[in-house]
Amino acid sequence: MRLATFRKWNVERAALVTKSGLLPLTALGLRAGFEPESEILPLIEKEQLEPLTEWYNAGGKAEAETLAEKEAIPYNEAVYGPLYRNPQRIFGIGLNYKDHAGDLGEKTPQVFPGSFYKPASCIAGPGDEIKIPALPEAQKTTAEAELGVIIGKKCKFIEEKDWLKYVAGYTTILDMTEESILRLNPRYLTIVKGFDTFFTFGPQLVTPDEVPDVSALEVATVHNGEIHAKNTVSNMTFSPSRLVALVSHMQGWLPGDILSTGTPRAVHIQDGDVAECRITGPDGFAFEPLVNPVIDLKIRNK
């Protein structure tokens, strides 16, 4: 099952992804045996996602497709928002592919992953502008395509073999860094990761039942329509399962927390560029790409 968030009537609401378009969850009524929340984060927090997925896979998909023929928002009219805006935590992983570590002249972390937090205030949605800061020191902003893991349940001290019990789904992410400021001092990491619009995610949440082998997924950073770098999840130093389990032993997880698992390589973005995250898998499997235009506030504010 796939979910998305759409913008309409100055609000953002959750929808099922169907052949006909985006079917608002509110249109389902009690068809799933309960009335789903109208937004994705409360849907996760109230643990409605799992029973909704079970209903969908047990025949609800056909019912939803029939309903969508009349009530879905056509894709050519749909405007996506981020999946949600106020997760309690965004946990980012750095240097998780050996190739990326080499780009920065760093060693790949081995005992614990390179990590950082991002504030929810930096979230933007698919199609929104990534805004390079107006600060004169901001001379090299980079974009990094990443696989996102969305946590579905509160948990602590879990075993790696049980990690999928706590996963709500996966998504595409673009994580931005103001690299030129970071190179002035590595302690500026919080600053350079937290500018407005420096974290975009969506347009789809893909439930785990659609992804039989996460390690087979290929993540690609795309720059102006051309693949800049790509790598397979199996080549991560810390796999998604290991990361979910490890962090659960450090601080635990909360419903709706987002784990950004690292990038195959970052790309320097400039005014007028388009950054994109593509995630694909075997047999033609693909996430809906995440695409964002780029503007530089140093130029646009003049």
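The values are calculated or read from the model by the stated rules, or taken from the named source; none is laboratory data. Only a predicted model underlies this, so the values are computations on that prediction, with no experimental measurement involved. Note that each Cβ is placed from the backbone with ideal geometry, even for glycine, and that neighbours are counted across all protein chains shown. Just so you know, the surface numbers come from the protein's heavy atoms only, side chains and all, with ligands and any DNA or RNA stripped out. Shrake-Rupley method; radii C 1.70, N 1.55, O 1.52, S 1.80 Å.
Of note:
- With protein chains left intact and a 1.4 Å probe, residues in the chain average 45 Å² of accessible area per residue.
- The residue 268 and residue 156 beta-carbon pair, evaluated with R₀ = 35 Å, returns a calculated FRET efficiency of approximately 0.35.
- Residues 257, 296, 283, sorted by accessible area with the largest first, give 283, 296, 257 [1.4 Å probe; ligands and nucleic acids excluded].
- Contour minus Cα-Cα distance for residue 10 and residue 65 (0.36 nm per residue): 17.2 nm
- Anisotropy class of the stretch 50-191 from Cα gyration tensor, a/c 1.5 cut: oblate
- Computed with a 1.4 Å probe on the full set of protein chains, the accessible area for residue 39 sits at about 80 Å².
- Model label points for residue 249 and residue 112, set 7 angstrom from Cα along the Cα-to-Cβ axis, are 1.2 nm apart.
- Computed from backbone phi, the HN-Hα couplings of the stretch 60-68 come to x, 4, 4, 5, 5, 5, 5, 5, 5 Hz, rounded to whole numbers (Karplus: 6.51 cos²θ - 1.76 cosθ + 1.60, θ = phi - 60°; Gly and Pro given as x).
- Here the label points at residue 98 and residue 179, each 7 Å from Cα along the C-beta direction, are separated by 2.1 nm in the simple model.
- Nearest-10 value in Å² for the accessible area of residue 246, using the 1.4 Å probe: 20
- Solvent-accessible area of residue 117 with every protein chain in place, 1.4 Å probe, in Å² to the nearest 10: 110
- Taking all protein chains together and a 1.4 Å probe, the residues 128, 175 rank 128, 175 from largest to smallest accessible area.
- Dimensions of the stretch 108-233 from C-alpha coordinates, computed as largest minus smallest value along each principal axis and given longest first, are 47, 34, 28 Å.
- Using the rule -39500 (n - 2.57) for each DSSP H run of four or more residues, divided by the residues of the chain, the 222 nm mean residue ellipticity is -4500 deg cm²/dmol.
- Paramagnetic label zone (point 7 Å from Cα along Cα-to-C-beta, residue 285; backbone N under 19 Å) in the stretch 211-228: 211-221
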